[in-house]
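Only one structure is covered here, and it is reproduced in the block below.
The values are calculated or read from the model by the stated rules, or taken from the named source; none is laboratory data. The shown structure was predicted, so the numbers you read here are calculated from the model rather than taken from an experiment. Quick reminder, even Gly has a Cβ in these numbers, built from the backbone with ideal geometry, and neighbours come from all protein chains shown. Calculation scope for accessible area: heavy atoms of the full protein, side chains included, ligands and nucleic acids excluded. Shrake-Rupley method; radii C 1.70, N 1.55, O 1.52, S 1.80 Å.
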Amino acid sequence: MDNLNVKYCNVNFNNPFILPSGIITEIPEHRRAIEAGVGGVTLKSLTFEKREGNPLPRVWKYDCGMINSVGLRNAGIEDGSREIGEFLKSNKNTPVIVSLFATKVKEFLYLVEKIVPLSPQFIELNLSCPNVDDEFGKPLGMEKGAAGKIVKQVKKISEKIPVLAKLSPNVNDIADIAKNCEDSGADGIVAINTVGPGMIIDIEKRKPVLGAKKGGVSGPGILPVTVRCIYEIYEAVKIPIIGMGGISKWQDVVEVVMAGATLVGVGTATYLKGMKVYDELKNGLSSFMAKKNIKGLAELVGAAHF
Ligand code: RRO
């Protein structure tokens, strides 16, 4: 399946599929995705302090996908950066995106300073977690100008590591925020984070299913939102996009790539179908390309724009 090789920000990927940062919080699970043949992995967003996460249940499946309020469960930058260092040393062949979350520019800079010496292939700034409003106020990337301000400061200290901005669909104009990030030096855009927040109520128990009551919605039901966001971002910026949100079939992959994504994140589908979903998507995409005489994915990126 040589036709699936992709270059993103000058980094080679064996295939366009990445595991997004999200419901998988532990490194052994990321290793499982690598063993299953994913093209790249994003680790769980790291914060300054260790966080246990929100009350259980944190994740709930429903007919059209999933709702989560993991609450940024992670080891914190001290222990987390040590674990990541070891992981990077033992994993040489699959590109790794280290994801960071903070609520102040200064805090982001501290996290980036700790991660740069580890030389991951990418740093992702999570500007869009939907599940921490109550504690911190709105995520920084939801406000026009704030996202770019963070990117600009981070770029001063990130050395050669490409910096990606992960954006929320829950804004008036995602393309405008993406452009603001590009103008501030971002190397790529990751879109989209989960939709919502939403809520599901257990009608027998007469209460919301999630411990934190509300959470971000993912899975097949949000795919049209993803496609629209990527389409709009592609028209606004020149930097490459990692598209994600509701992709579970190879046809979804083609759609998202035609909207403008160079790499494709697949997360919730690993919950619904298992890690074998990556093989299913690779086979489907590769056959589609062969049938249409498409030699490389670059030919398809943004093909739906005219
Ligand atoms: O941990 C979470 O609750 C979470 C995060 Br950081 C995020 O970026 N998106 C999401 O749906 N959940």
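For this structure, a couple of remarks:
- Accessible area per residue for the range 1-128 is 44 Å², calculated with a 1.4 Å probe on protein heavy atoms, without ligands, DNA or RNA.
- Taking Lys and Arg as +1 and Asp and Glu as -1, the other residues whose beta-carbon sits under 11 Å from that of S99 total +1.
- Rounded, prolate or oblate (a/c below 1.5 giving rounded, otherwise prolate when a/b exceeds b/c) for the range 34-92 by Cα gyration tensor: oblate
- Only protein atoms count toward the accessible area here, which uses a 1.4 Å probe; on the chain, the carbon and sulfur part of that area reaches 50 percent.
- Near V70, once Lys and Arg are set to +1 and Asp and Glu to -1 for all other residues with Cβ below 9 Å from its Cβ, the sum equals +3.
- Given their separation in residues at 0.36 nm each and the Cα-Cα distance between them, E35 and K207 gain 58.0 nm when the chain is fully extended.
- In the chain, helical runs assigned H by DSSP with n ≥ 4 each contribute -39500 (n - 2.57); averaged across all residues and rounded to the nearest 500, the mean residue ellipticity at 222 nm is -10000 deg cm²/dmol.
- The range 60-184: C-alpha gyration tensor shape, a/c 1.5 cut-off, then a/b vs b/c: oblate
- The mean accessible area for residues of the range 195-306, using a 1.4 Å probe and ignoring ligands and nucleic acids, is 47 Å² per residue.
- Highest-MSF residue in the chain out of M66, M244, M199 [GNM, Cα springs under 10 Å]: M199
- Global form of the range 201-306, assessed from the alpha-carbon gyration tensor, a/c cut-off 1.5: oblate
- Projecting the Cα positions of P117, A147, P130 onto the charge dipole of the range 95-174 (unit charges on Cβ atoms of Lys, Arg, Asp and Glu, taken about the Cα centre) puts P117 furthest along the positive direction.
- Comparing Cα centroids, the range 160-212 and the range 256-306 end up 21 angstrom apart.
- Cα lying deepest toward the dipole's positive end in the range 148-244, options I242, V225, L210, charges on Cβ: L210
- When +1 charges are put on Lys and Arg Cβ atoms and -1 charges on Asp and Glu Cβ atoms, the dipole computed for the chain relative to its Cα centre reaches about 140 debye.
- For the range 188-289, a simple Cβ point-charge model (Lys and Arg +1, Asp and Glu -1, everything else neutral) yields a dipole of about 420 debye relative to the Cα centre.
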